[in-house]
There are 2 protein chains.
Amino acid sequence: MSPSEVHRVCTRFHAAIELIGARWTGAILRVLFTDQHRYAQIKAAVPGLSDTMLAERLRTLEADGLVERRVIPSSPVQVEYHLTDKGLDLEPVLEAVMSWSHRWIPLPGESVSARD
Amino acid sequence: MSPSEVHRVCTRFHAAIELIGARWTGAILRVLFTDQHRYAQIKAAVPGLSDTMLAERLRTLEADGLVERRVIPSSPVQVEYHLTDKGLDLEPVLEAVMSWSHRWIPLPGESVSARD
């Protein structure tokens, strides 16, 4: 294959996979799909996720149009994070990752190879 | 929802999405699906990817069992990188990301919102 025949990777695919796969982002998106919308719920659902990182990731997801911040006029006021249409449309991606992970990623404590 | 009702994100999903979404990794995997298997071809297909990073990523992908390094006994000897069964099984994930990216990520130079 000569250099002129290089089949370059799609820039939109490249942007998308790194947007979704950024550290903590995939996990946060997954939590939002499981009807957990409040900051404390998201934090509790992702072990190891710090406040600083969660706040930063939610801001980035909002800026990227995947997540919408909703202020609920209750007393006290509550803030919820919901997926936008763009975010909800990631469901087939997350389902495919979940399915692959259950075929190939061992459970914690499980040996990677049963043959060892 | 009380803290005891927290629905924790699946650790296997979390590991998988960050494995695939690590910087450059998704793009490299995509290139391997397009029948480009040699180091120079992969590098040429991913703009901005440095030698150091490509070498490091290929080692990681090999260690994770997604990519197999094959030495072709030609003259001169050639090295090729091929997806393993575990890597090939990512096709539905990459297809779902590609499809989503074409719906939601603007082409380079295109406005994010045509309504602006």
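Take chain B and mark each of the trypsin sites (Lys or Arg not before Pro) that is in a DSSP loop with at most 16 other Cβ atoms within 10 Å; the longest unmarked stretch, sites excluded, is B:24-114.
Express the Stokes-Einstein translational diffusion coefficient of chain B in µm² s⁻¹, to the nearest whole number, given a Kirkwood radius over alpha-carbon pairs, 10 °C and a viscosity of 1.306 mPa s.
Result for D is 96 µm²/s.
Take every pair of alpha-carbon atoms less than 8 Å apart whose residues are at least six positions apart; their mean separation over the length of the stretch A:36-104 yields a relative contact order of 26 percent.
Work out the length of the dipole vector of the protein assembly as shown about its Cα centre, built from +1 on the beta-carbon of each Lys and Arg and -1 on the beta-carbon of each Asp and Glu, and round it to the nearest 20 debye. Spell out each step's value before the answer.
Working: 26 positive and 30 negative charges, 63 e Å.
Dipole magnitude for the protein assembly as shown comes out near 300 debye.
D by Stokes-Einstein for the protein assembly as shown, Kirkwood Rh over Cα pairs, 4 °C, 1.567 mPa s: 67 µm²/s.
Could you list which residues have their amide H under 5 Å from that of A:Thr84, counting only those 5 or more apart in sequence or on another chain, with H placed in the peptide plane? Close amide H contacts, sequence-distant or interchain: A:Val67, A:Glu68. Distance between the pseudo-spin-label points of B:Asp89 and B:Arg38 (7 Å out from Cα toward the beta carbon): 3.2 nm.
On average, how much area does the Cα convex hull of the stretch A:36-104 cover when viewed from any direction, in nm²? The partial results should precede the final answer.
Values: hull surface 22.7 nm².
With every direction weighted equally, the projected area is 5.7 nm².
Return a whole-number percent for the relative contact order of chain A, with Cα pairs under 8 Å and 6 or more residues apart as the contact set.
Details: 74 pairs, mean separation 21.3, N = 116.
Value for chain A: 18 percent.
Tilt of helix B:11-21 relative to the longest C-alpha principal axis of chain B, in degrees (0 to 90, nearest 10)? Rounded to the nearest ten degrees, it is 60. In chain A, the longest principal axis of the Cα atoms and the axis of helix A:51-63 are about 80 degrees apart.
Since every read-out is calculated from the coordinates, none of them should be taken as a lab result. None of these values were measured; they are calculated from a predicted model. So basically every Cβ, Gly included, is an ideal-geometry build from the backbone, and we count neighbours across all protein chains shown.
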